[in-house]
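Right, one structure below, let's go through it.
Just so you know, all these numbers are worked out from the coordinates, no wet-lab data involved. All values derive from a computational prediction rather than experimental measurement. Heads up, the Cβs are rebuilt from the backbone with ideal geometry, glycines too, and the neighbour counts pull from every protein chain shown.
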Amino acid sequence: MTKKTYTAGAARRRQKKQVNRAVWLIVACGVIFVAGMLMPSRCVGDDGRPSVSSATIGASDLESVVTNPALASEMVRYTGMTISFNPELHLPNWVAYELTADEVQGDEPRTNRFYTDHDVPGCASPDDYRNTGYDRGHMAPAADMKWNPQAMAESFSMANIAPQANVLNRGSWSKLEDKCRQRALKDSAVIIISGPVLTDPVEIRIGDNRVAVPSRFFKVILSPYTTPPTAIGFLMPNEAVKGGMQQCAVSVDSVEAVTGHDFFSALPDEIENYVESQVNFNKWSRTR
């Protein structure tokens, strides 16, 4: 297993975020803890629907994905994201991270320095994409890593990249990334997991490393700290998206069925079942 560890500063930042999130959960749900014991609990919203109230569920738990067992996987931990990397196809199975409202407002400049991470088996080279007609598509976008210089630099690791058609990368996929940032600002934080759909047959490979070109991509977004929590999924073809991202909105359950991954399993079952079965694009897209 390949593992990237946090720097001391990044670790302190993540620890502080998790502490702040735990405090927020306690206040939001009106849970009283006595004798210094933080006991897991659950509550319901005003409409009777479930909401997360356990201070024991942190962002790292919600970012955890049970990867489709049919896919090769090397786990890679970067400052701002966790990656299941597929050394046989030379691209990620999925990339997961938390995005908070304060991180959206970071001011670290974009680096644009793509690089091969030689600690990751099978990591592609930036040159594999040269003159192929495909963009180096970020799964965790650089714009979501403006809060830390190392997180920004590592977002350009080829372990975080997959071949995307230009019309997708700079079209509906980019608009969806923007919408996720708006959602993080409104909901205080979101958990985002993105990747190629690797259960589809691979018909095209590019570069000397024979990087697989996916025919579809997915993204799932969870707002765990709203009452009730909400989630939505998207499945986009690796081409121009007719009708825009609204036409690609699906439930998280649908994304799980297509990819073979299991998302958000750290949630209590009744909450997981509720949020993963919902899909309401119009409500999700309203961020003002």
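Key figures for this structure:
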item	result
Charge sum, other residues only, whose C-beta stays under 15 Å from Asn238's C-beta, Lys/Arg counted +1 and Asp/Glu -1	+2
Over 25 Å between alpha carbons, listed pairs Lys146/Lys186; Lys219/Lys283; Lys186/Lys242	Lys186/Lys242
Cα radius of gyration and Dmax for segment 58-285 (Å)	16.2, 49
Highest-first arrangement of 101-109, 154-162, where packing means the average Cβ count within 10 Å	154-162, 101-109
Burial order of peptide ranges 229-238, 67-76, 111-120, 259-268 (average beta-carbon count within 10 Å, highest first)	229-238, 259-268, 67-76, 111-120
